[in-house]
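**Q** Dumping the structure here so I can ask a few things about it.
The values are calculated or read from the model by the stated rules, or taken from the named source; none is laboratory data. Since the model is a prediction, treat every value here as computed from it, not as a measurement. Cβ coordinates were reconstructed from backbone atoms using ideal geometry, including for glycine residues, and neighbour counts include every protein chain displayed. Side chains are part of the model used for accessible areas, which takes the heavy atoms of the whole protein and leaves out ligands, DNA and RNA. Shrake-Rupley method; radii C 1.70, N 1.55, O 1.52, S 1.80 Å.
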Amino acid sequence: RRSERVPLLASVVVVGLAGASLTWHLQGFAGWSAKAPSTSLGRLRRGGASPPTGARAAFAWDVDAEVELPTSVEEMIQQGSDAVMRAYRDGNTRQTVRFRLDTMFDLETMQLKGAAGLVNATLPMIKEFTAKLWGGENLKDVQTSFVDEDVGTLNYRVAENAAQDAAVFYLPSRELVVQPKIRGFLDNMKDRLVVWANTENSPSVFKVELDGRDFLEDRVAAYDVVSEFRLQSYYYLEQTFNNWKTTTFRAYPYNWVIYMEDLNFTTIKLMESVTKPTDQEMYDKQTEYEEARGIMALTKVAKTLKDSKRMEDVSDQREPGWRAGASAADLRRYGDEQELGRKMTEENKRKEEAARKKAEDA
């Protein structure tokens, strides 16, 4: 039986990248055909045949232990692909993931290098993630093309069995996802896997849990498409929140977990939730933690500044001399932050010394 593969955005896209106009042809996509795509989910739900030799057994779907924070980019990629496939097995054909990018690209250099620098540094990771879907089974190729006016890319997994094709949109913009061609693409993919990756790092940021409410225009169209991708099967973010180094982590089907680095630079579990915790919920838990231990605001700020200095040192080691290309305003801002940190640290020491002396006198 002749198969019919999905026509995928068959067009030429001109993208301005790093100051140069690059023309990308979505070659190889137009006119592809697929066998009845229902075989993909049907095979998963029935258990199907065992993966061939060389594929990871069951794609780690049957693990009972909670998934721990990854210790490397490679482990993060594997965790993400496993989580996506577990969710797909449960019938979730549209998903969103967020990978931690700061281990591959210094986000402080974004003003200097732009979004193009971010893509150049992280796109190989996304292509590896795309390749690992379906446990790497029956993979022929991963084809990548730029598909919007920013830096959004379509990474298409071409499999020997077309039912195991998958599409990963990396850094998709708000403008892209509401276009009619995307709606048509999703309809043609039927029950094959489509993933959005790192929408919150896109030049036009949006969060899928808001169901399109963060779109300035086309909110009806935004809700129609974004609500399909509301499941966040893998999420890994490290940030400074409320002056604490805070990590948000989730690997389907396990709970969302918030980790925090304490004053001794030890990572502790702060809270766990079935749904993605809100900023207010995280703030309340951290406030409860601080009050129970009598932690003063200046104490945690001083630690935050130490964290910033450590991150700055790592950045310099990764790319020595990048600050030579920074603007005067950037360098002034860094200097002001360092001076503020020095003053706050000295003030904190004075207060702690005064408190100690007062306790001794009492």
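**Q** Would you call ARG230 surrounded by fewer than 20 Cβ atoms within 10 Å (Cβ to Cβ), of a type in the set (Lys, Arg), more than 23 Å from THR71 (Cβ to Cβ) and modelled with pLDDT of 95 or more?
**A** Numbers: surrounded by fewer than 20 Cβ atoms within 10 Å (Cβ to Cβ): yes; of a type in the set (Lys, Arg): yes; more than 23 Å from THR71 (Cβ to Cβ): yes; modelled with pLDDT of 95 or more: yes.
In short, yes.
**Q** Would you mention how many residues in the range 85-118 are part of a helix (DSSP H, G or I) and surrounded by fewer than 22 Cβ atoms within 10 Å (Cβ to Cβ)?
**A** Here is the first cut: in the range 85-118, the residues part of a helix (DSSP H, G or I) are 85-89, 107-118.
Okay, now just the ones that are also surrounded by fewer than 22 Cβ atoms within 10 Å (Cβ to Cβ), so 89, 107-117.
Selection size over the range 85-118: 12.
**Q** Taking the condition of being open to solvent by 20 Å² or more (accessible area, probe 1.4 Å) and either touching a Phe, Trp or Tyr at 6+ places or on another chain (Cβ under 7 Å) or without any contact (Cβ under 8 Å) to a residue 24 or more places away in the chain (or both), how many residues in the range 159-172 meet it?
**A** Within the range 159-172, the first condition is being open to solvent by 20 Å² or more (accessible area, probe 1.4 Å), and the residues that meet it are 160-161.
Remaining after also requiring either touching a Phe, Trp or Tyr at 6+ places or on another chain (Cβ under 7 Å) or without any contact (Cβ under 8 Å) to a residue 24 or more places away in the chain (or both): 160.
Count: 1.
**Q** Collect the residues in the range 210-227 that are on the phi < 0 side of the Ramachandran plot and open to solvent by less than 70 Å² (accessible area, probe 1.4 Å), keeping them in residue-number order.
**A** Step one: of the range 210-227, the residues on the phi < 0 side of the Ramachandran plot are 210, 213-217, 219-227.
Across the range 210-227, the qualifying residues are LEU210, ASP214, PHE215, ALA221, ALA222, VAL225, VAL226, SER227.
**Q** Can you find a residue that is assigned to a loop (DSSP other than H, G, I, E, B), touching a residue at least 24 places away in the same chain (Cβ under 8 Å) and either surrounded by 15 or more Cβ atoms within 10 Å (Cβ to Cβ) or among the small types (Gly, Ala, Ser) (or both) anywhere in the range 238-245? Break it down stepwise before answering.
**A** Initially, the range 238-245 is screened for residues assigned to a loop (DSSP other than H, G, I, E, B), giving 242-243.
In the following step, the residues that additionally are touching a residue at least 24 places away in the same chain (Cβ under 8 Å) were identified as 242-243.
Filter again for either surrounded by 15 or more Cβ atoms within 10 Å (Cβ to Cβ) or among the small types (Gly, Ala, Ser) (or both), leaving 242-243.
Yes, the range 238-245 contains a residue that is assigned to a loop (DSSP other than H, G, I, E, B), touching a residue at least 24 places away in the same chain (Cβ under 8 Å) and either surrounded by 15 or more Cβ atoms within 10 Å (Cβ to Cβ) or among the small types (Gly, Ala, Ser) (or both).
**Q** Quick one: GLU272 ticks every box in (1) over 17 Å from ARG98 (Cβ atoms); (2) open to solvent by less than 80 Å² (accessible area, probe 1.4 Å) except a single one, so which number is it?
**A** Only one criterion in (1) over 17 Å from ARG98 (Cβ atoms); (2) open to solvent by less than 80 Å² (accessible area, probe 1.4 Å) is unmet by GLU272, namely (2).
**Q** Tally time: how many residues in the range 215-229 are in a helix (DSSP H, G or I) and of a type outside the set (Val, Ile, Thr)?
**A** Restricting attention to the range 215-229, the residues satisfying the condition of being in a helix (DSSP H, G or I) are 219-229.
Now drop any that are not of a type outside the set (Val, Ile, Thr), which leaves 219, 221-224, 227-229.
Number of matching residues: 8.
**Q** Tell me, please, whether a residue that is closer than 18 Å to ASN264 by Cβ, exposed (fewer than 12 other Cβ atoms within 10 Å of the Cβ) and at pLDDT 90 or above can be found in the range 295-302.
**A** no
**Q** Open to solvent by less than 20 Å² (accessible area, probe 1.4 Å) and of a type in the set (A, V, I, L, M): does that describe MET125? Before the answer, list the steps.
**A** Numbers: open to solvent by less than 20 Å² (accessible area, probe 1.4 Å): yes; of a type in the set (A, V, I, L, M): yes.
Answer is yes for this residue.
Residue-by-condition table, conditions (1) basic (Lys, Arg); (2) in contact (Cβ under 8 Å) with a residue 60 or more places away in the chain; (3) in a loop (DSSP other than H, G, I, E, B):
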position: TRP134; (1), (2), (3): no, yes, no
position: LYS140; (1), (2), (3): yes, no, no
position: SER145; (1), (2), (3): no, yes, no
position: VAL151; (1), (2), (3): no, yes, yes
position: ARG157; (1), (2), (3): yes, no, no
